[in-house]
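The structure appears below as structure tokens.
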Amino acid sequence: MTKNTTIKAGVVGWPIGHSLSPRLHGYWLKKYHIDGIYEPYAVKPEDLDAFIKTLAEKNITGLNLTVPHKEMILPFLDHMDDTARKIGAVNTITCHDGHLYGTNTDGYGFLTNLKEMAPNWSATDGPAMIIGAGGAARAAIVSLLDAGVPEIKLVNRTRSRAEHLAEIYGDLPITVCDGQELSENLSALSLLVNTTILGMTGQPPLDIDLSELPPSAVVYDIVYNPLETDLLRGAKLNGNIAVDGLGMLLHQAVSAFESWYGQRPEVDNALRKYMLAGFGS
Ligand code: ATR
């Protein structure tokens with residue numbers, strides 16, 4: 001039973017069973033002794049409208065959105081901040097006085113994890129290559145260019161999707177490359193990022209010959225299950241700093257937790273260990 005004063009939030013997705021967000025927010029709620037709950041909501045795309053209409057009666061303060069709702073939620077929002085607008089997707093909503101406020105913290109999580117795990121990397125060091133053209137790629141593009149990366153080289157299985165992104169961000173320095181150009185461009189990179197599902201448990205690996213990549217470059221895989229993908233193993237063998245995706249998941253949740261529950265939570269090693277222990281459970 002929850003009391004009227006219990007702060008309610010949760011994550012909406014379809015399917016939702018594998019989301020790690022309830023474990024993450026649940027850890028912080030307990031750690032900071034907050035009278036709150038964070039629940040998974042399995043909502044089919046066609047039921048999103050009806051679900052959103054029940055938020056007030058359910059007394060829900062905030063929501064995270066995950067696949068496939070990050071873009072579908074946009075028409076239901078009363079306000080959207082600049083970051084969400086630029087990324088074109090919302091992963092965090094706060095409900096206030098019957099209004100829905102949307103933001104996107106994926107780019108913040110992406111960049112904060114990168115800075116933490118590769119403190120010597122600097123945005124102005126050189127071009128970054130991003131593999132993938134989905135929502136995660138958009139968050140990476142926006143945060144990297146905002147941070148001062150001079151150029152993004154964008155590679156995607158479906159080239160037209162990458163070209164579409166380059167078009168949307170027309171005034172930004174984005175160059176679309178194909179697989180062949182990928183290897184030719186490696187020697188100039190300061191950062192290589194995988195935003196696709198390749199390398200995730202159950203998916204084929206992302207197979208790239210990294211020998212032309214300078215050892216000073218950082219290789220960042222937003223996959224976190226497994227923590228060390230084939231790409232990251234190859235990067236370490238090549239002498240590169242390898243950044244995994246767990247920290248992105250943790251950091252993207254910080255400001256959402258703070259805005260709903262009133263406490264800025266800490267991302268530390270105890271939390272990392274706790275989250276890793278939950279993989280596969
Ligand atoms: P998200 O919003 O999480 O980024 P998404 O929009 O489904 O998810 O994007 C997934 C990305 O992984 C896309 O870039 C996709 O490539 P396509 O645009 O060609 O679909 C990429 N991806 C998924 N499976 C892939 C595979 N087997 N090989 C290469 N790229 C793949």
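Computed values, structure above
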{"read-out": "Residue count for the range 191-219, restricted to those that are open to solvent by less than 60 Å² (accessible area, probe 1.4 Å) and within 14 Å of the ligand (Cβ to nearest atom)", "value": "8"}
{"read-out": "Every pair of residues 6+ apart whose Cβ atoms lie under 6 Å, when the first sits in the range 133-148 and is hydroxyl-bearing (Ser, Thr, Tyr) while the second is open to solvent by 10 Å² or more (accessible area, probe 1.4 Å)", "value": "Ser143/Leu111"}
{"read-out": "Any hit, the range 116-131, residues being surrounded by fewer than 21 Cβ atoms within 10 Å (Cβ to Cβ), outside the structural domain of Trp260 (by the TED database) and under 13 Å from the mean Cα position of the chain (by Cα)", "value": "no"}
{"read-out": "Any chance Arg159 is within 14 Å of the ligand (Cβ to nearest atom), over 18 Å from Gly247 (Cβ atoms) and free of Cβ contacts under 8 Å to residues at least 24 places away in the same chain", "value": "yes"}
{"read-out": "Subset of the range 31-69 that is among the aliphatic types (A, V, I, L, M) and not in a helix (DSSP H, G or I) - its residue that is nearest to the ligand (Cβ to nearest atom)", "value": "Val67"}
{"read-out": "Single match in Thr83, Thr112, Thr61 (criterion: touching a residue at least 24 places away in the same chain (Cβ under 8 Å) and touching a Gly at 6+ places or on another chain (Cβ under 7 Å))", "value": "Thr83"}
{"read-out": "Flag if Pro127 is more than 10 Å from the ligand (Cβ to nearest atom) and either in contact with a Leu (Cβ under 7 Å, 6 or more places away or on another chain) or at pLDDT below 95 (or both)", "value": "yes"}
{"read-out": "Count of the range 5-30 residues which are surrounded by 13 or more Cβ atoms within 10 Å (Cβ to Cβ), part of a helix (DSSP H, G or I) and not aromatic (Phe, Trp, Tyr)", "value": "7"}
{"read-out": "Answer residue from the range 61-107, given it is more than 17 Å from the chain's Cα centre (by Cα) and among the small types (Gly, Ala, Ser) and is most open to solvent (accessible area, probe 1.4 Å) among those", "value": "Gly98"}
{"read-out": "Condition met for Ile168 (of a type in the set (A, V, I, L, M), surrounded by fewer than 19 Cβ atoms within 10 Å (Cβ to Cβ) and not assigned by the TED database to the domain that holds Glu266)", "value": "yes"}
{"read-out": "Any hit, the range 222-234, residues being within 14 Å of the ligand (Cβ to nearest atom), in a strand (DSSP E or B) and at negative phi", "value": "no"}
{"read-out": "Qualifying residues in the range 132-150 (those that are within 15 Å of Glu163 (Cβ to Cβ) and either surrounded by fewer than 24 Cβ atoms within 10 Å (Cβ to Cβ) or of a type in the set (A, V, I, L, M) (or both)) - the one farthest from the ligand (Cβ to nearest atom)", "value": "Ile141"}
{"read-out": "Criterion (modelled with pLDDT under 95 and outside the structural domain of Tyr38 (by the TED database)) met by exactly one of Tyr224, Tyr220", "value": "Tyr224"}
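The values are calculated or read from the model by the stated rules, or taken from the named source; none is laboratory data. None of the values given here were measured: they were computed from a predicted structure. A quick note on method: Cβ atoms are made from the backbone with ideal geometry, for glycine too, and the neighbour counts reach across all protein chains shown. Side chains included, ligands, DNA and RNA excluded: accessible areas come from the protein's heavy atoms. Shrake-Rupley method; radii C 1.70, N 1.55, O 1.52, S 1.80 Å.
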